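The values are calculated or read from the model by the stated rules, or taken from the named source; none is laboratory data. The structure displayed is predicted, hence computed values, not measured ones. All Cβ positions, glycine included, derive from the backbone under ideal geometry; neighbour counts span all protein chains shown. Just so you know, the surface numbers come from the protein's heavy atoms only, side chains and all, with ligands and any DNA or RNA stripped out. Shrake-Rupley method; radii C 1.70, N 1.55, O 1.52, S 1.80 Å.
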Amino acid sequence: MIRLKIKNLCYSFLASLLILKGYDKVVDGFYLYKISTPKNLSKIEHLSLQSSCLDLPLTQEALNQPYYYLASGSQCFVFVSQDKKFVLKFFNHHRWKTPQYLGKISLPFTTNWIRLRQEGLRSTYKSCCFCINELSEETGVINLELMPNPKYSSNITLYNRLGKRYDVALNSMTFILQKHADSTAKKFLKLKAAHEDQEAKILLDQLFDHLIARRLKGFTDKDPNLLNNFGLIDDQIVSIDIGGLIKDPKKDLSYFYNHELKKVTRQLIPWLKNHYPELIPYTYEKIALLKKESP
């Protein structure tokens, strides 16, 4: 009898774990506690905190409507506005959060672990600042709040994947507001379906031109995925993912050609083989031409 009870308890425990795991997958790991702003945010060393709004009327228009869950990335949870014109990104502070008990343990591995997490947050914030201050046209960023701002008196309504509603106080959050862009992957698939190969080649040219222009401004990208991290706003190429940019004078044009361009190739070619093989010869020609122009 005791064994049967223990067995039933184990089954119940495993069933609960599976249910929780399934729910987590359905909602894509989004929970309000993950986007809540840490209390010690301002205490992180060398962390630049600022508020930047490039267009107040457009910001007001964007925030005066509900938002629906769209996707998640390594740094943010992304929501799209009801009118599909804007995306609102909330930083996933949970990934950088340091448990309080670790802060009290002075061991080499804990110190290094905390340092790496803080460095990750610093580099993400720094990249976002670059995007609104120097690359706003190239990223579509409208507003950036790196600290809770009391100027926001109203709540924003969010809906998760299951349609669950959340009323979130914006004055307690950190976030990014961008113009919504359609991903280049979707655009390529539309062009393929319409047999518009020439237009696809032009789009590919625009993507590489965008990379070169950004590099000439001194920026390199940790994750230059041309398919998922870039998009189009009114036929203009923009960087959707803005959390991985680095501005480093030591990483010159040769770094771009020898490292960043190789990352682009490793991600782009396999996707084209599966979805748009007709574009592969032109892609190789384009990459070869760029390599000839390298310093």
Consider residue 182 carefully, then state whether it is within 28 Å of residue 59 (Cα to Cα) and charged (D, E, K, R).
-> yes
Take the residues in the range 1-53 that are at pLDDT 85 or above and open to solvent by 90 Å² or more (accessible area, probe 1.4 Å), then tell me which one is farthest from residue 173 (Cα to Cα).
-> 25
Selection from the range 117-157 of residues that are assigned to a strand (DSSP E or B) and in contact with a His (Cβ under 8 Å, 6 or more places away or on another chain) = none
Filter the range 166-186 down to the residues that are open to solvent by 50 Å² or more (accessible area, probe 1.4 Å) and in a strand (DSSP E or B), then identify the one that is nearest to residue 274 (Cα to Cα).
-> 182
Check on residue 122, free of Cβ contacts under 8 Å to residues at least 60 places away in the same chain and within 20 Å of residue 243 (Cα to Cα) = no
Which of the residues that make up the range 229-287 are over 28 Å from residue 144 (Cα atoms) and among the aromatic types (Phe, Trp, Tyr)?
-> 255, 257, 271, 276, 282, 284
Taking the range 230-265 and keeping only residues that are among the aromatic types (Phe, Trp, Tyr) and either open to solvent by 70 Å² or more (accessible area, probe 1.4 Å) or at pLDDT 85 or above (or both), one is left with 230
When only residues in the range 218-229 that are within 22 Å of residue 273 (Cα to Cα) and among the polar types (S, T, N, Q) count, which is most open to solvent (accessible area, probe 1.4 Å)?
-> 228
Considering residues that are farther than 16 Å from residue 271 by Cβ and crowded, with 17+ Cβ neighbours inside 10 Å, the number found within the range 202-212 is 2
Selection from the range 136-165 of residues open to solvent by less than 30 Å² (accessible area, probe 1.4 Å) and in contact with a Ser or Thr (Cβ under 7 Å, 6 or more places away or on another chain) yields 139, 142, 143, 144, 145, 146, 149
Here, strands (runs of 3 or more DSSP E) confined to the range 187-254 with at least 1 residues that are polar (S, T, N, Q) are 219-221, 236-239
Consider residue 215 carefully, then state whether it is among the basic types (Lys, Arg) and open to solvent by less than 60 Å² (accessible area, probe 1.4 Å).
-> yes
Considering residues of the range 274-287 that are in contact with a helix residue (DSSP H, G or I) (Cβ under 7 Å, 6 or more places away or on another chain) and not aliphatic (A, V, I, L, M) only, the residue most open to solvent (accessible area, probe 1.4 Å) = 278
